[in-house]
1. May I ask you to order 143-152, 69-78 by the average number of other C-beta atoms within 10 Å around their residues, highest value first?
2. Evaluate the relative contact order of region 50-143 (contact order divided by residue number), counting alpha-carbon pairs under 8 angstrom at least 6 apart; express in whole percent.
3. Pairs of Cα atoms under 8 Å, at least six residues apart: use those to get the relative contact order of the chain, whole percent.
4. Rounded to whole Å and sorted largest first, list the principal axis extents of the Cα atoms in the chain.
5. Within straight cross-link reach of residue 142, meaning Cα distance under 18 Å, which lysines are found once same-chain residues fewer than 8 apart are removed?
6. Under the rule of at least 5 residues apart or a separate chain, name every residue whose amide H is placed under 5 Å from the amide H of residue 4.
7. Quick one: work out Rg over Rh on the C-alpha atoms of region 4-74, Rh as Kirkwood radius.
8. In a Debye calculation with equal point scatterers on the alpha-carbon sites of region 77-156 and no solvent, what is log10 I(q)/I(0) at q = 0.12, 0.15 Å⁻¹?
Amino acid sequence: MSAIPLTVSGVERLQKELHRLKTVERPEIINAIAEARAQGDLSENAEYDAARERQAFVEGRIQELEGTLSNAQVINPAELDAEGKAVFGATVEIEDLESGNRVSYQIVGDLEADIRENRISVSSPVARALIGKGEGDVVEVKAPAGVREYEILSISYV
């Protein structure tokens with residue numbers, strides 16, 4: 001499996017989730033299965049079936065997280081010598097030249113992307129246009145609605 005680029009905060013979020021699954025969810029499921037078994041006939045026991053399904057989901061997620069973390073390539077943008085350029089992990093404030101709307105995005109790996117939290121995937125059209133550019137540069141982004149132009153207002157490496 002190839003390296004999976006993650007930010008420091010992304011690794012921390014995944015580690016917290018893994019810890020919660022192992023220390024809270026897993027024991028709760030084991031107790032639920034034990035209680036369902038105590039009720040007798042398992043062939044028509046909905047609680048048992050539900051607990052087993054939840055167990056399968058949680059165990060799968062634990063394996064997925066462990067695999068991701070074992071293949072993680074942790075990139076700390078604060079330690080990079082980016083020379084004022086937009087790079088993986090950087091937070092970039094841009095302005096839409098047509099509408100004047102301003103927004104800040106952190107460029108992160110595919111697994112960390114969450115538009116609600118202004119984290120965009122490094123493979124997204126916007127991030128691909130920003131990578132390697134500096135403050136004051138104007139970038140063109142080919143979006144489904146057409147080509148958009150953005151000016152880079154600031155770049156931070158937090």
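1. Per-residue Cβ counts within 10 Å, averaged per peptide and sorted highest first, yield 69-78, 143-152.
2. About 19 percent, as a whole number.
3. Relative contact order of the chain: 23 percent.
4. Principal axes ranked by extent give 70, 35, 25 Å for the Cα atoms.
5. Candidates past the 8-residue exclusion: 133.
6. Here 72, 73 satisfy the definition.
7. Over the Cα atoms of region 4-74, Rg/Rh equals 1.16.
8. -0.29, -0.46
The numbers here are math on the coordinates, done by the rules we state, and not lab data. Quantities reported herein were computed from a predicted structural model and do not represent experimental measurements. Here Cβ is always computed from backbone atoms with ideal geometry, including for glycine, and neighbour counts include all displayed protein chains.
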